[in-house]
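Enquirer: Take this structure first; my questions come after.
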Amino acid sequence: MYSLPIFVSTFVKMKKTVIPSFVQHIIPWYLENKRDLPWRNTQDPYSIWISEIILQQTRVQQGMSYYHALLHQFPTVQDLANAPQDQLFRVWQGLGYYSRARNLQLGAQLIASEYQGNFPKSYDEWLQVPGVGPYTAAAVSSFAYDFPKAAVDGNVLRWVSRYLGSKDPIDLPGTKKNIQLLLDDWIQHASPHVFNQASMEFGAILCTPKNPHCAVCPLNEECQSFKNDWVDAIPVKEKKIKTSNLYLYAALVTNQQEQMMLEKRPPQGIWGNLYTLPFLTFDTEVPMEEALAQLNERFPNPNNWKLETPEPIIHLLTHRRMHVYIFSNLLDVMPKNAYKFGSWISKDEAKGLGFPRVFEKFLTHKGHL
DNA sequence: TAATCGTGGAG
DNA sequence: TCTCCAAGATT
């Protein structure tokens, strides 16, 4: 006989109950056990919005200092809207996913102009802000304005699928949609901002990806995964992460004025709009002579390079293992107009720019930053 | 829709 | 050392 998908059947069943059991158990747990996080002590939409953009795919511990730095550098949405992008990237430097910073400023400009510095309030309004998707729109509108929309992030997908014992892959849009529908119903039985905070905190603190704390979980008696011993098997993911190699050859070129050649990356692609040493990339390893030959095509430099990284720097990206080789022009003098794709930048100027972590570390180590 | 976009910490 | 993946969004 045909059976309803588990989320739909749960949704139908819960419709009949007055207050979902999850709400009854998890909100008291949250109020007792929540972490003291700075963006939880405010209803200021600007601070909350900044925090949510930072926390996309980013752990609290990693994002905390950036949260304080951004609010310190750009106290108001107008400050952020009017800031030079280089200044923003200097603050965002090292946090990764730099399109977040670009879109954050686009959003600030939208709010400063079209909203006259007031902030969107509803979920649908926030969804129009660049860099704000379904999760962030629900989070900001509920935290700042108590708008009743469930925030569905990785924590929530995990605990809901475990709680219901669903083996639907959580990386499929249909699964997310079902969970969104279910929680959009449940959230009506609680204070929206408390519900969303409690929901995510529960996933982050108790229903963790590995070694969840089922023994002390207030929901363990009704958790389908706990009862069936599926906790380690749920959530299910369809896609597996496969990493491939990427070989990056960069040039540290300096002149007699103690300037170095830097390129601003194009807006699209990795490290968009940040500053890097000029570099070439290959999907497969190439002989060192070939890499040097290609560097020489770009720089009218006598073939005199020094390999600064005898062992390549291994820079791990989510889907890539990057092998970074850096060459310097050991003895040769580069003419001022030798290379038209980059700019000569002094040490002091470079300090105000944003660099990807791998270049920032190297240049700092060599005393160029 | 599937691929892309960083970095650092946990296990 | 290696895999996983974290308060996702965009194209």
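Enquirer: Please give the length that would be gained between A:Thr309 and A:Lys177 if that part of the chain were fully extended, namely 0.36 nm times their separation in residues minus their C-alpha to C-alpha distance (nm, one decimal). Walk me through the numbers before you get to the answer.
Expert: On the way: separation 132, 0.36 × 132 = 47.52 nm, distance 4.80 nm.
Result for the pair: 42.7 nm of gain on full extension.
Enquirer: To check you understand DSSP bridge types, tell me what percent of the beta bridges within region A:232-329 (both residues inside) are antiparallel, rounded to 5.
Expert: Looking only at bridges with both residues in region A:232-329, the antiparallel portion is about 60 percent.
Enquirer: Quick one: with all protein chains in place, what share of the accessible area of region A:6-228 is carbon or sulfur, to the nearest percent (1.4 Å probe)?
Expert: Reported share for carbon and sulfur atoms: 52 percent.
Enquirer: May I ask you to compute the full-extension gain from A:Gln128 to A:Lys210, defined as 0.36 nm times their residue separation minus their alpha-carbon distance, rounded to one decimal in nm?
Expert: Roughly 26.0 nm would be gained on extension.
Enquirer: Return the single residue from A:Ser343, A:Ser161, A:Ser141 with maximal mean-square fluctuation; model: Gaussian network over chain A, springs between Cα atoms under 10 Å.
Expert: With Cα springs under 10 Å in chain A, the top fluctuation among A:Ser343, A:Ser161, A:Ser141 is at A:Ser343.
Enquirer: With a 1.4 Å probe and every protein chain left in place, work out the accessible area per residue of chain A in Å², rounded to a whole number.
Expert: Per-residue value: 50 Å².
Enquirer: Right, another one. Region A:201-247 to region A:45-124: how many Å between their Cα centroids?
Expert: Going from one Cα centre to the other spans 31 Å.
Enquirer: What value, in deg cm²/dmol to 500, does the helix sum -39500 (n - 2.57) over DSSP H runs of n ≥ 4 give at 222 nm once divided by the residues of chain A? Provide the component values of the computation, followed by the final result.
Expert: On the way: 16 runs with 163 residues, N = 369.
Mean residue ellipticity at 222 nm (helix-derived): -13000 deg cm²/dmol.
Enquirer: What does region A:244-365 give for Rg and for Dmax, in Å, if only its C-alpha atoms count?
Expert: My reading of the Cα-based Rg and Dmax gives 13.9, 40 Å.
Enquirer: A further question on this structure: Counting alpha carbon pairs within less than 8 Å and at least 6 residues apart, what relative contact order, in whole percent, applies to region A:104-186?
Expert: 20 percent
Enquirer: Follow-up. Compare A:Leu277, A:Leu292 by solvent-accessible area with a 1.4 Å probe and give them largest first, with all protein chains kept in place.
Expert: Ranking A:Leu277, A:Leu292 by accessible area, largest first, yields A:Leu292, A:Leu277.
Enquirer: Here is a further query. Counting only C-alpha contacts under 8 Å and six or more residues apart, can you give the relative contact order of region A:244-365 as a whole percent?
Expert: 37 percent.
Enquirer: Only bridges whose two residues both fall in chain A count here: according to DSSP, what percent of them are antiparallel, nearest 5? Display every interim value, and only then the final one.
Expert: Values: 18 of 27 bridges.
About 65 percent, rounded to the nearest 5.
Enquirer: Rounded to the nearest 0.05, what FRET efficiency is calculated for A:Glu114 and A:Gln56 with R0 set to 25 Å and r the Cβ-Cβ distance? Please report the intermediate quantities before stating the final value.
Expert: Working: r = 23 Å, r/R0 = 0.93.
Working from the Cβ atoms, E equals 0.60.
Enquirer: Still on this structure: So what is the relative contact order for region A:6-228, in percent, with contacts set as C-alpha pairs under 8 Å and at least six apart?
Expert: 25 percent
Enquirer: To the nearest 0.05, what FRET efficiency results for A:Leu31 and A:Lys361 with a Förster distance of 41 Å applied to their C-beta separation?
Expert: 0.45
Enquirer: Roughly what would the spin-label model give for A:His72 and A:Ile19, points 7 Å off Cα along C-beta, in nm?
Expert: With each label placed 7 Å out from Cα toward Cβ, I get 4.3 nm.
The values are calculated or read from the model by the stated rules, or taken from the named source; none is laboratory data. What you see is a predicted model; the values in this text were computed from it and never measured. Heads up, the Cβs are rebuilt from the backbone with ideal geometry, glycines too, and the neighbour counts pull from every protein chain shown. SASA here: full protein model, heavy atoms, side chains in, ligands and nucleic acids out. Shrake-Rupley method; radii C 1.70, N 1.55, O 1.52, S 1.80 Å.
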